[in-house]
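Just so it is clear, none of the values below were taken in a lab; they were calculated from the coordinates. Since the structure is predicted, the reported quantities are computational estimates derived from the model, not experimental observations. A quick note on method: Cβ atoms are made from the backbone with ideal geometry, for glycine too, and the neighbour counts reach across all protein chains shown.
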Amino acid sequence: MTSVECARDAIGVSRVSASERCAQHPHLVDRGYPQHLISSRECQVRFVAPRFPTQLSACGCAMAADGGPPAVVGDATDPPRCTHVIVKRGKTKTCRQYAKPGTSPPVCGNHLATSGADRVPCDHCGTHVLRREMAKHVSKCPAYLRVAEAESMPYFARDVNLGSDDEDEATTAAGADEPTTRLPRGEELRALVARVRRACADAGVVPKIPTPEPMSDARCEAAVARLSEAAKRASGGGGGVGKGQAIRIAPFNPRHASQQASIVSHMAALDLVRDRTADVADAKPPVYVELGAGRGYLSHFLVDAYGPNDLVLVERRAYRFKAERNIRGGGEEVGTSGNGSGSAPASASPGTNVERLRVDIKDLRMSGVAAVDGRDAVITGKHLCGSATDLALRCCLDDTNGRDGDRPSSASSTCRVTGVALATCCHHRCEWRSYVNKPFMRKLGFARDDFPRLARMSSWACDGTAPGVGSVKRPRSFAGETPTTADATEAADEHGQPPVEDVDDGDMSKAEKYEIGGMVKTLIDVGRVEWLQRRGLHGRLVGYVDTDVSPENRLIVVSRGERS
């Protein structure tokens, strides 16, 4: 600790009370000197000297020649402090913990790794541990234990859905990086755009397709109304707790509700979902598997609209306030039960079985999931980013890590996929290795090195600066609130888009780039639909909402068409 010798404070600041020190320095009290600063010599040195130089001079403290703060005299008994610089959230500060004896420069025990000591980071959690104690740490490392538990599950198979690079399988290892190719410039970019237009013409892709077809049947409309009413009651504080403060634990956003209603309605149009009470007694309903579920609110809406169904939610991250707490009726969240009143009781969704799997889609073998064993399965997903859509398609049809071609799905699976409804997004994150229909792209004249360029061009479709086209920033609206211009704005794309590159674009207008980006997105999804059709599922690519609701409005919805 630093200190300053004071002629009238011989016994030291830390040994007397504030009142005693005020009595020792009456001249400071008379001049309005703050008493809480009189009781701390460190505060006098750092903050008071520039403002009260005369008081400190009268007190006998040594002043700098220029009238600045007095020189700080280090205490010889004070041990050295850690000099490690911590960088967090763009700010830097010195650790200042007591240093370990004998370290040079002075470093505390937490930062010995930076001084070349025998400490290494844990491969699982990153914590620096002494090398000799690493085995002991790993035996109780929470990150390692969680991964070990996941890998022991029967549905876990590492990288089973990643796919492969047909042209050079021997050099493609799990997790290999895709080529990072920037878009060409000038006339070369114009030539690539011409190739894209020819390929789209050959594949039947024209601008402004798929045409937006928002849909909401009577059941979904009623579900949206109930959700809105429940959210209004919760956000208004009428049914809330805690000193009248409004609570909004179960989120409701009209924009998301309209997307969920349209997805479920398109599924109902293909008979992928219907009221469970309408089934005959001996018919076993399908299980609905939501991949990339997040908190699971798409499945939550499905249950709200069409009653109890068996659900499997797959997500690699951990979330708070998961939707299944309301579905099961066992949580404290604001419920969205049929009458929209407060917490959902235990009987809110009788007959609904919910299972959540914390696993990456690339490692999920569907045949190992007990909940789908011997049953029909309908695969759903809302905004599966980039390659996640391809991983989901392989996963749901139990494809394995091999050459992508016309090979049918594996016969070892004990479940049968009767339908798929996946809302795609973030095509700029698609990768050649995981893309399911490489023969489709090759037939159109695009090889492995061309695919990253196509993916990058797809981001043009979400350029909100294009005049008269694209997305606009929308005000954020919560439960039952009407958006206003005063509300905080949010980006059009929920998952974020990379900024459009500031390159020589061959004098292409914003509108033309927007059109090309949309065609590339559609072309990628058309290849996915064709891949599904070769496996016995029939359907189409639809625009399930208007672009002003979400520019990522493409929905792959297919079924086997065998249910009556």
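Quick rundown of the values:
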{"read-out": "152, 459, 216, 387 arranged by Cβ crowding within 10 Å, fewest neighbours leading", "value": "152, 216, 459, 387"}
{"read-out": "Links that overshoot a 32 Å alpha carbon limit, given the list 284/521; 208/284; 443/510", "value": "284/521; 208/284"}
{"read-out": "Residue exposure sequence - 288, 144, 306 - by fewest surrounding Cβ within 10 Å", "value": "144, 306, 288"}
{"read-out": "Amide H partners (placed H, <5 Å) of residue 86, local residues excluded", "value": "93, 94, 95"}
{"read-out": "For 208, 438, 510, order by how many other beta-carbon atoms lie within 10 Å, fewest first", "value": "208, 510, 438"}
{"read-out": "Local electrostatic count at residue 316 - Lys and Arg +1, Asp and Glu -1, tallied over other residues with Cβ under 10 Å", "value": "0"}
